[in-house]
Amino acid sequence: MNAGKSTTLLQSAHNYRERGLRPLLFTPQLDTRAGEGRIASRIGLDAAALAFTPADDLLKLTGDEDAIDCVLIDEAQFLTRAQVYQLGEIADRLSIPVLAYGLRTDFQGNLFEGSQHLLAWADTLVEIKTICHCGRKATMVLRTDAAGNVLREGAQVEIGGNERYISVCRKHFKKGMATRQPGDLPLEEA
């Protein structure tokens with residue numbers, strides 16, 4: 001969260017288009033914050049994308065498109081194992097570069113399905129960094145309720161804005177998950 005993943009993806013798409021190349025953008029259908037089939041960054045950049053569901057075959061969808069020069073995936077944590085395999089097929093069989101942007105773990109510190117398989121099968125991993133309120137590198141996220149209390153339970157997937165999630169370092173993730181109770185000081189003051 002807050003590392004600029006969607007901004008970086010949209011910049012990559014712009015760079016391809018600027019050179020006369022055609023990127024194919026994918027976004028999960030369940031993420032409708034910017035509207036279905038749209039990728040948007042917090043700084044105001046946005047673009048149309050092909051919305052995919054867990055049942056979609058990304059290799060087939062890419063092969064159906066003409067003259068694709070790159071595949072860009074937003075919110076890649078929502079990919080299935082099969083879809084991560086399909087992305088490998090796009091890179092290996094179709095010789096099309098694939099760039100996938102997403103979170104590694106959920107608000108409980110567990111890998112998402114898509115992230116797990118991208119970590120295992122990707123040729124290259126590049127971390128886009130953001131910082132915790134303490135100044136350390138933030139690698140985790142905490143989900144909060146409307147009062148700012150850290151939530152420890154709930155569905156793995158809950159699409160929400162920046163007001164629901166806090167990017168933190170591992171130290172503050174562990175502290176938030178272990179000690180925060182309703183009525184405690186906000187995490188930044190702990």
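The values are calculated or read from the model by the stated rules, or taken from the named source; none is laboratory data. Given the structure is predicted, the values throughout are model-derived calculations rather than measurements. Here Cβ is always computed from backbone atoms with ideal geometry, including for glycine, and neighbour counts include all displayed protein chains.
Some observations on this one:
- In the set (1) surrounded by 16 or more Cβ atoms within 10 Å (Cβ to Cβ); (2) within 14 Å of GLN77 (Cα to Cα); (3) of a type in the set (S, T, N, Q), the condition left unmet by GLN156 is number (1).
- Qualifying residues in region 137-176 (those that are in a strand (DSSP E or B) and small (Gly, Ala, Ser)) - the one modelled with the lowest pLDDT: SER167
- Residue-level analysis places ALA138 outside the set of residues that are loosely packed, with under 14 Cβ neighbours inside 10 Å, among the aliphatic types (A, V, I, L, M) and not assigned by TED's automatic domain parsing to the domain that holds LEU50.
- Within region 1-21, the residues that satisfy the criterion of being in contact with a strand residue (DSSP E or B) (Cβ under 8 Å, 6 or more places away or on another chain) and in contact (Cβ under 8 Å) with a residue 40 or more places away in the chain are MET1, ASN2, ALA3, GLY4, SER6, LEU9, SER12, ALA13, TYR16, LEU21.
- Test for HIS117: is it out of contact with any Pro (no Cβ under 9 Å at 6 or more places or on another chain), at pLDDT 90 or above and farther than 29 Å from GLY35 by Cβ: no
- Selected residue [crowded, with 19+ Cβ neighbours inside 10 Å and either more than 20 Å from ARG33 (Cα to Cα) or under 18 Å from the mean Cα position of the chain (by Cα) (or both)] from ALA47, ALA91: ALA47
Residues are listed down the side, and each one gets a yes or a no for (1) part of a loop (DSSP other than H, G, I, E, B); (2) more than 27 Å from MET140 (Cβ to Cβ); (3) small (Gly, Ala, Ser):
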{"residue": "ALA47", "(1), (2), (3)": "no, yes, yes"}
{"residue": "LEU59", "(1), (2), (3)": "no, yes, no"}
{"residue": "THR62", "(1), (2), (3)": "no, yes, no"}
{"residue": "GLU65", "(1), (2), (3)": "yes, yes, no"}
{"residue": "GLN83", "(1), (2), (3)": "no, no, no"}
{"residue": "LEU87", "(1), (2), (3)": "no, no, no"}
{"residue": "ALA91", "(1), (2), (3)": "no, yes, yes"}
{"residue": "LEU103", "(1), (2), (3)": "yes, no, no"}
{"residue": "LEU118", "(1), (2), (3)": "no, no, no"}
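- One residue from LEU25, LEU10, LEU79 being crowded, with 17+ Cβ neighbours inside 10 Å, under 14 Å from the mean Cα position of the chain (by Cα) and more than 30 Å from CYS169 (Cβ to Cβ): LEU25
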